[in-house]
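What follows is one structure encoded as structure tokens, with my remarks underneath.
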Amino acid sequence: MLFTKDKQDETESASSMFKRPFRIVPKIIISTLMLAGLSMNTGFANTDEHTGLLTIFHIYSDGEYVGVLSDEAKLEQLKEEELQKAASEFENLPLTIGTDLSVIPERVFTVGVDDEIVLEKLHDMLSVEAEAIALTIDGELAFYVNDMATYDEVIRELKLQSVTEKELNEFEARTKSSESIPALQDNETRIANIVMSSDIQAEAGKTLPTEVRNIEEAVTLLNKGTLEKKKYTVKSGDVLGTIAAAHNITTAKLLELNPNFTVDTVLQLEDELNVTVVEPYVEVEVHYETRQREVIQYKKLTEEDSSVYKGEKKITQEGKDGEKDVTRLIRKRNGETLGSSVIDEQILVEEIDEVTVVGTKVMPSRGTGTFIWPTVGGYVSSQMGTRWGRVHQGIDIARPTARTIKAADNGVVTTVGWHDTYGNRIVITHNNGYETLYAHLSSIDVSVGQTVPQGTAIGIMGSTGRSTGVHLHFEVIKNGANVDPMSVLR
């Protein structure tokens with residue numbers, strides 16, 4: 001096998017042509033280039049006038065022998081045709097031949113080649129690739145886009161799903177500026193940062209033209225992890241639970257994916273259910289910083305005073321709200337607030353707490369202001385209010401577990417004895433503006449002037465006076481006027 005250095009260099013140059021990128025140019029230019037190449041390489045393959053030798057070209061693919069061609073220009077023409085065909089379908093993509101071919105020239109005296117067979121084999125072998133930008137997520141390839149401009153636009157569109165264009169423009173202008181960021185003004189909110197849930201990178205790469213995604217497809221993939229919804233057609237015997245289990249999801253998730261169905265829906269043959277669980281490749285988290293004036297609510301404090309009777313209380317210091325200047329960092333994802341933290345806080349006006357003094361001093365003759373149930377169990381058989389055309393001034397308690405009547409609060413007995421309506425009755429003054437009355441007793445166990453601590457047994461339930469059965473008629477009087485006992489009993 002005979003070679004010359006010039007021919008070897010020319011061959012190496014020609015064999016490397018399969019890797020050069022292809023961009024769409026007018027057909028007339030492509031035709032002119034191919035004709036020029038044919039003319040050049042045909043001259044090279046002609047018989048050497050001095051030696052009578054011819055040049056043939058051995059073709060290898062990934063180290064495997066394909067065959068021999070009489071003219072390398074035929075291989076180049078085939079490549080150009082494949083590129084042109086792909087270019088008509090995939091506009092604006094830099095295209096290149098993806099098949100790894102090597103061309104080895106040989107000088108021979110005779111030519112024994114069959115170009116048509118070899119070119120047909122090469123036609124089946126040749127593949128066209130697009131020079132594109134690979135988008136990787138956490139180091140793993142996700143998909144390809146046309147170029148860096150498309151990649152930048154995809155990331156921008158992803159962010160615009162969470163923020164407005166005005167907010168994004170202002171944020172980008174601040175981050176690109178060399179000037180220091182101005183302090184927040186009162187009631188101002190702005191983006192502090194935009195964070196992706198995963199690490200997204202762009203890398204140069206090659207792929208099939210059909211695998212290059214446009215902006216809309218790329219954003220959909222980032223949001224959902226898929227471009228198509230997977231459908232399942234209902235078959236005989238199917239129920240929601242078995243369909244969900246077959247696709248590794250819960251029945252609740254299946255219903256979430258198919259809002260037109262419920263747990264009570266009777267599935268029909270040929271019904272279609274969406275079984276695609278959306279798993280975003282990446283989510284956008286937006287951090288906002290906001291400065292607001294906020295109210296500091298005053299606290300209500302209670303102080304005990306043993307010199308003041310129990311049940312009495314007095315506000316000794318009026319409460320007043322304060323004010324503070326607060327700067328917060330708020331984190332949001334998909335419009336939902338994930339959390340908030342205080343970056344800075346300045347007190348503008350101190351709050352003043354409300355202070356109430358309550359008495360703890362207990363004296364058996366003075367009520368606490370809190371009334372206990374005056375019987376041992378029982379229920380209210382008649383409420384306070386109009387009854388039988390007259391005003392019923394208290395409540396009736398019937399069917400106790402025991403008939404003992406007890407003082408509802410500390411006090412002094414001021415009235416005992418018979419009354420035409422009340423029968424045997426007791427009145428206790430509690431020395432705090434309250435009085436209580438106990439009526440229809442069968443017997444009385446206290447006397448006028450007696451001090452009775454809360455819970456003291458004062459008599460036995462009966463049915464004396466104007467009564468239709470055994471019960472206690474109980475009244476509470478405050479500052480001379482009857483009040484509903486149910487409003488003060490505990």
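Values in this text are rule-based calculations from the coordinates and carry no lab data. Note that the coordinates shown come from a computational prediction; the quantities given were computed from them, not determined experimentally. Note: ideal-geometry Cβ built from the backbone for every residue, glycine included; neighbour counts use all protein chains shown.
The label point for T337 and the one for S177, both projected 7 Å from the Cα toward the Cβ, are 2.8 nm apart.
For the pair R466 and E318 in one chain, pulling the backbone fully straight at 0.36 nm per residue adds 48.2 nm over the alpha carbon distance. Reducing region 106-180 and region 373-407 to their Cα centroids gives an inter-centroid distance of 88 Å. Each principal axis of the Cα atoms in region 231-274 has its own extent, and those three values, largest first, are 21, 20, 17 angstrom. In terms of the mean number of neighbouring beta-carbon atoms within 10 Å, the peptides 59-70, 266-277 order highest first as 59-70, 266-277. Rounded to two decimals, the Cα-based Rg/Rh of region 220-363, with Kirkwood Rh, is 1.38.
Among the listed pairs K313/K406; K300/K320; K230/K332; K159/K253, which have their C-alpha atoms separated by more than 21 angstrom in this model? Check vs 21 Å cut-off fails for K313/K406; K230/K332; K159/K253. Looking at the chain, the pairs of alpha carbons with a distance over 32 Å make up 72% of the total. Close amide H pairs (under 5 Å, H built 1.01 Å from N) link T356 with L301, T302, E303, T316, residues at least 5 positions away or on another chain. Which residues does the label zone of D344 cover in region 173-194, counting backbone N under 15 Å from a point 7 Å along Cα→Cβ? Counting only backbone N, you get 180-190, 192. Helices in the chain that qualify as membrane-span-like (whole DSSP H runs, Cα extent of at least 24 Å along the helix axis, mean Kyte-Doolittle hydropathy of -1.0 or higher) are 27-45. Sorting the segments 206-214, 402-410, 165-173, 146-154 by their residues' average number of neighbouring beta-carbon atoms within 10 angstrom, most packed first, yields 402-410, 146-154, 206-214, 165-173. Listed by chain and number, the aspartates and glutamates whose C-alpha is less than 19 Å from the C-alpha of K310, apart from same-chain residues fewer than 8 away, are D409, E435.
Note on region 133-224: Cα Rg divided by 2.2 N^0.38 Å, N the number of residues, gives 1.29. Its residue count N sets the reference 2.2 N^0.38 Å, and the alpha-carbon radius of gyration of region 375-487 equals 0.97 times that reference.
Karplus-based coupling profile of region 371-387, in residue order and whole Hz: 9, 8, 5, x, 10, 8, x, x, 9, 7, 8, 8, 7, 6, x, 5, 8, with θ = phi - 60° in 6.51 cos²θ - 1.76 cosθ + 1.60 and x standing for Gly or Pro. Amide H contacts of F143 (H built 1.01 Å from N, in plane; Pro and chain starts excluded): L135 sit under 5 Å, all sequence-distant by 5 or more or on other chains. Using C-alpha pairs under 8 Å with a sequence gap of at least 6, the mean separation divided by the residue count of the chain gives a relative contact order of 9 percent.
For the chain, the mean residue ellipticity at 222 nm estimated from helices alone is -7000 deg cm²/dmol, where every DSSP H run of n ≥ 4 contributes -39500 (n - 2.57) and the total is divided by all residues, rounded to the nearest 500.
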